[in-house]
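One structure below.
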């Protein structure tokens with residue numbers, strides 16, 4: 001920003017100028033998924049200066065189960081006062097308000113709809129509305145919704161273009177798996193027609209207009225990783241596991257394990273996945289999502 005506006009002063013002076021109005025905010029999305037040391041150094045530098053400067057606030061998003069990132073913060077930031085705001089499922093009052101304004105939402109949000117459990121999550125609800133009430137009639141779980149999205153190749157139907165869309169999604173996923181710190185992808189390596197189609201279908205979004213894209217939502221990235229690892233376990237076996245599991249891959253690995261449980265009642269496919277992450281020299285964090293797939297599976301009791 002300093003370079004863009006031609007600022008020649010110090011960092012302290014820049015923060016003082018920007019915070020003079022009393023409403024300056026540093027936003028950090030997915031702070032719990034920042035593993036790259038260089039990126040983390042930049043984040044801590046910005047947060048440290050924000051806590052030292054008047055008129056500044058910091059808003060960071062993370063998963064509800066992720067608190068490890070706080071231990072990586074400088075002491076000054078940790079003690080500056082961190083308040084949590086949990087965005088939970090829709091309340092009955094919110095569901096009633098939405099239902100009164102939109103007939104499609106009303107049908108999905110009824111207590112009798114099989115997807116009632118996941119429809120209370122705003123992201124899942126938005127995806128189901130986009131797919132259409134008829135398409136989601138048999139959806140009851142996140143895996144059901146994910147399977148339909150993957151079957152359609154990030155689209156709205158099982159049309160002839162789904163193979164091209166899946167090819168692009170797999171290409172992006174391969175980059176994430178090989179380099180988990182990468183969240184933005186150059187469009188020059190992608191088929192432009194298919195990339196534009198995925199943008200229109202809201203599976204991707206533009207990061208830099210005409211130059212780079214990213215997944216529209218982290219959940220879509222996690223689903224893609226999950227299906228990739230489920231379809232080709234050799235991608236997981238090829239990973240170096242001496243270091244801790246990158247946070248970006250954790251939920252995708254759990255989804256792959258849940259798919260393994262759902263598709264193989266004998267449990268052998270899940271055990272094969274567990275064997276990969278339990279191999280000699282593997283950091284213990286790699287097997288955590290695979291084990292968590294058991295209690296979080298739709299067939300957990302079984």
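Every read-out reported here was derived from the displayed coordinates using simple, explicitly stated rules and does not represent laboratory data. Since we're looking at a predicted model, the values are computed, not measured. In this analysis, Cβ positions are derived from the backbone assuming ideal geometry, glycine residues included, and neighbour counts consider all displayed protein chains.
Structure above, values below:
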read-out: Degrees separating the helix 142-151 axis from the principal Cα axis of the chain, which is the longest one; value: 80
read-out: Ranking of 15, 163 by count of other Cβ atoms within 10 Å, fewest first; value: 163, 15
read-out: On Cα atoms only, tilt of 218-231 relative to the major axis of the chain in degrees; value: 50
read-out: Dimensions in Å of region 162-296 - Rg and Dmax from alpha carbons; value: 15.5, 48
read-out: For region 199-222 versus region 167-195, the gap between their alpha-carbon centres in whole angstrom; value: 10
read-out: With Cα atoms, 0 to 90° folded angle of helix 162-178 axis to the chain main axis; value: 50
read-out: Dimensions in Å of region 233-302 - Rg and Dmax from alpha carbons; value: 11.5, 33
read-out: Residues 162, 156 arranged by fewest to most Cβ contacts within 10 Å; value: 156, 162
read-out: Shape metrics for the chain, restricted to C-alpha atoms - Rg then Dmax, Å; value: 21.4, 65
read-out: Chain lengthening between residue 89 and residue 288 when straightened (0.36 nm per residue, less Cα-Cα); value: 69.1 nm
read-out: Extension reserve of the residue 271-residue 13 stretch, reckoned as 0.36 nm per residue once the Cα distance is removed; value: 87.2 nm
read-out: Fraction of antiparallel bridges per DSSP, the chain only, in percent to nearest 5; value: 55
read-out: For region 92-140, average projected area of the Cα convex hull in nm²; value: 2.9
read-out: Sequence of 100, 126, 297, 112 once ranked by neighbouring C-beta atoms within 10 Å, starting from the fewest; value: 112, 100, 126, 297
read-out: Net length gained if the chain between residue 28 and residue 243 were fully extended (0.36 nm per residue, minus Cα distance); value: 74.9 nm
